[in-house]
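The block underneath contains the structure these notes are about, expressed in structure tokens.
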Amino acid sequence: MPGGAVDRIEYALMDAAEAGMWWYRALHARVMEALDAAPPGPLLDAGCGTGGLLARLRAEQPGRPALGLDFDPPAAARAAAKSAHPVAVGSVNALPFPEARFAAVVSCDVLGHAGVDPGRAMAEMARVLRPGGLLVLNLPAFEWLRSAHDARVHNARRFTAPAALRLAGTAGLRPLRARYWNSLLLPLMVAHRKLRARAPDHGSDVAPFSPWLDRTLHAATVLEQGLARRGLAFPAGGSILLTAVRP
């Protein structure tokens with residue numbers, strides 16, 4: 001992602017929080033579950049930040065080769081050190097990899113960034129996927145959830161599930177599913193973002209929580225994930241998890 005002073009602060013916060021904060025644990029759990037459907041072979045984390053997901057992949061699937069990519073050189077270096085996977089510096093708008101290189105591509109909260117062209121980035125992810133390869137995307141949901149935090153991390157757009165499905169189809173992928181999640185906590189998210197966190201000088205959403213609150217919030221996401229496994233589809237949530245395959 002494009003660099004800058006604000007980005008450097010957010011990268012530092014992410015680096016410190018992503019191993020333990022309830023939000024990252026919940027996100028990574030959903031991505032790892034989606035990857036159960038991926039064929040064997042190398043994986044790309046496109047826009048890997050400081051490497052939290054790559055580190056979890058190393059712990060849970062040590063046999064899967066993986067690469068990361070991030071626009072910010074210090075973040076890429078930190079991701080490589082944290083995960084022990086190679087990490088390239090580059091843009092998701094023009095991935096520096098040959099066609100059909102990967103069996104799976106993951107990208108978490110990248111397509112909303114101001115420096116990213118969603119159509120070009122989705123087409124690039126489709127290009128580097130092998131036929132039958134799996135794409136797993138996490139996207140911020142709903143423009144009406146926009147807040148000061150979006151401005152702070154240079155997030156220029158938020159999505160709906162139908163829009164995410166159309167974007168994948170336009171890139172030549174076969175969409176499998178686009179599901180809202182972080183749904184049980186959506187009322188709290190709305191209250192936080194629209195009331196407490198409206199001020200431009202409000203602190204980052206990526207911040208330490210008290211242990212009891214972190215456990216409580218994470219427990220809500222675990223409950224929600226269990227309900228989703230039983231077939232419950234939530235009509236709204238703070239995020240969208242999209243899966244698609246390259247025909």
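The values are calculated or read from the model by the stated rules, or taken from the named source; none is laboratory data. Since we're looking at a predicted model, the values are computed, not measured. Reconstructed Cβ throughout: ideal geometry from the backbone, glycine too, with neighbour counts over all protein chains shown.
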Only one residue in ALA148, ALA77 is over 16 Å from the mean Cα position of the chain (by Cα), over 19 Å from PRO42 (Cβ atoms) and surrounded by fewer than 16 Cβ atoms within 10 Å (Cβ to Cβ). Which one?
ALA77
Answer with yes or no whether LEU111 is part of a helix (DSSP H, G or I) and in contact with a strand residue (DSSP E or B) (Cβ under 7 Å, 6 or more places away or on another chain).
no
Limited to the range 88-123, what total is found for residues that are of a type in the set (Asp, Glu) and under 27 Å from ALA26 (Cα atoms)?
2
So GLY115, is it modelled with pLDDT under 95, of a type outside the set (Ser, Thr, Tyr), under 16 Å from the mean Cα position of the chain (by Cα) and surrounded by fewer than 19 Cβ atoms within 10 Å (Cβ to Cβ)
yes
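Taking the conditions exactly as written (touching a Cys at 6+ places or on another chain (Cβ under 8 Å) and within 29 Å of ASP214 (Cβ to Cβ)), does GLY47 satisfy them or not? Full working, then the answer.
Details: touching a Cys at 6+ places or on another chain (Cβ under 8 Å): yes; within 29 Å of ASP214 (Cβ to Cβ): yes.
Answer is yes for this residue.
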In the range 152-192, which residues are in contact with an Asp or Glu (Cβ under 6 Å, 6 or more places away or on another chain) and under 24 Å from GLY115 (Cβ atoms)?
VAL153, ARG158
Quick one: what pairs do we get from the range 109-123, first residue aromatic (Phe, Trp, Tyr), second at pLDDT 95 or above, C-beta under 6 Å, 6+ apart or different chains?
none
